[in-house]
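**Q** Can you keep this structure in mind? I'll have questions shortly.
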Amino acid sequence: MSTIYILWLRQLKRYFRSRARMIGSIGQPILFLVALGFGFGPIFEKAGGGDYLQFLAPGVIAMGILFTAMFMGIEIIWDKQFGFLKETLVAPVSRFSIMLGRTLGGATVAMMQGVVVFLIAWAIGFHPSFALFAVALVFMLLVAMLFTGIGTAIASIVDDMQGFPLIMNFLVMPTFFLSGALFPLMGLPSFITVIAKINPLSYGIDGLRAALTAVPAQFGLWTDFWVLGLTSLAVLGIGAYLFSQIEI
């Protein structure tokens, strides 16, 4: 347990020491909130969709978590190349504890990123419902755990620091754009609907939007929770196995 706590704390320290990273990670969410929220707002409202910023903000919050969580894996590749990971792996502790500590640390950072984006959205006009805010935090944590686990799993089998961002972008962009973050999932072509339903981020955004805006969840709040929770556990299991296979 102490190993998990130490690695969790180390991830937090790494993040807060990098001010450029902290500032840069909120640039894209702000751009989406301002450019899309106010740019497409009148069109969305005329189409009968209501306040677009209310619809968009939960998706952008999830985007902030998604990007931060997935790219936490690059730290593993960095540690591989500079020998820091070897020092950790030779310690007399299980690799599962090491992987879990790093993943929890990365997920905590990603969740904090989501909270920061939430506060920015609130400041520029998003009107959240606080009745289920605790539920919203649970969904933020689950999304963070899921995609930090994916980033860790991929980083465990990839050694190329230049190739990792390319793989991440290949996964992140379709995952985000086909999750219902930017547009409703009703009335779409059937193949996009199928992709959206097998996309775990769709359930995270659906649950987050229901919790923050008090609108009914499209898939059902409990369905969102169980799909996201079980998927997170499965990904953590896969990530733990791949991490245990890293050769030093």
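**Q** I'd like to verify a number: residues in region 179-210 that are closer than 15 Å to residue 66 by Cβ and aromatic (Phe, Trp, Tyr), how many?
**A** Total satisfying the criteria: 1.
**Q** Also: For region 158-248, which fully contained helices (runs of 4 or more DSSP H) count at least 3 residues that are free of Cβ contacts under 8 Å to residues at least 60 places away in the same chain and within 15 Å of the chain's Cα centre (by Cα)? Explain how you work it out, then say what you get.
**A** On the way: elements: 163-177, 190-198, 200-213, 221-244.
It comes to 163-177, 200-213.
**Q** Looking at region 46-62, can you tell me whether even one residue there is at pLDDT 80 or above, over 18 Å from residue 150 (Cβ atoms) and of a type in the set (Val, Ile, Thr)? Step through it out loud before you land on a result.
**A** Let us first name the residues in region 46-62 that are at pLDDT 80 or above, namely 51-62.
If we keep only those that are over 18 Å from residue 150 (Cβ atoms) too, we end up with 51-61.
If we keep only those that are of a type in the set (Val, Ile, Thr) as well, we get 60-61.
Yes.
**Q** So, one more: If you check 212, 146, 171, which single one turns out to be in contact with a Pro (Cβ under 9 Å, 6 or more places away or on another chain) and more than 24 Å from residue 131 (Cβ to Cβ)? Give the derivation first.
**A** Working: 212 fails: more than 24 Å from residue 131 (Cβ to Cβ); 171 fails: in contact with a Pro (Cβ under 9 Å, 6 or more places away or on another chain).
One residue alone meets the criteria, 146.
**Q** Can I ask one more? Suppose the filter is more than 13 Å from the chain's Cα centre (by Cα), outside any helix (DSSP H, G or I) and buried (at least 17 other Cβ atoms within 10 Å of the Cβ); does residue 101 pass it? Walk me through it before giving the result.
**A** Details: more than 13 Å from the chain's Cα centre (by Cα): yes; outside any helix (DSSP H, G or I): no; buried (at least 17 other Cβ atoms within 10 Å of the Cβ): yes.
Criteria not met by residue 101.
**Q** Could you tell me which residue of region 183-211 is modelled with the lowest pLDDT, considering only residues that are of a type in the set (A, V, I, L, M) and in contact with a helix residue (DSSP H, G or I) (Cβ under 6 Å, 6 or more places away or on another chain)?
**A** In this case the residue turns out to be 185.
**Q** Residue 151 fails exactly one of the following numbered conditions: (1) surrounded by fewer than 20 Cβ atoms within 10 Å (Cβ to Cβ); (2) of a type outside the set (Phe, Trp, Tyr); (3) under 20 Å from the mean Cα position of the chain (by Cα). What is the number of that condition?
**A** Exception for residue 151: condition (1).
**Q** I've got another one for you. Any residue in region 190-210 that is out of contact with any Gly (no Cβ under 7 Å at 6 or more places or on another chain), within 29 Å of residue 81 (Cα to Cα) and among the β-branched types (Val, Ile, Thr)?
**A** Checked region 190-210: no residue is out of contact with any Gly (no Cβ under 7 Å at 6 or more places or on another chain), within 29 Å of residue 81 (Cα to Cα) and among the β-branched types (Val, Ile, Thr).
The values are calculated or read from the model by the stated rules, or taken from the named source; none is laboratory data. It should be emphasised that the depicted structure is a prediction, and the values quoted were computed from it without experimental measurement. Methodologically, a virtual Cβ is constructed for each residue, glycine included, from the backbone with ideal geometry; neighbour enumeration extends over all protein chains shown.
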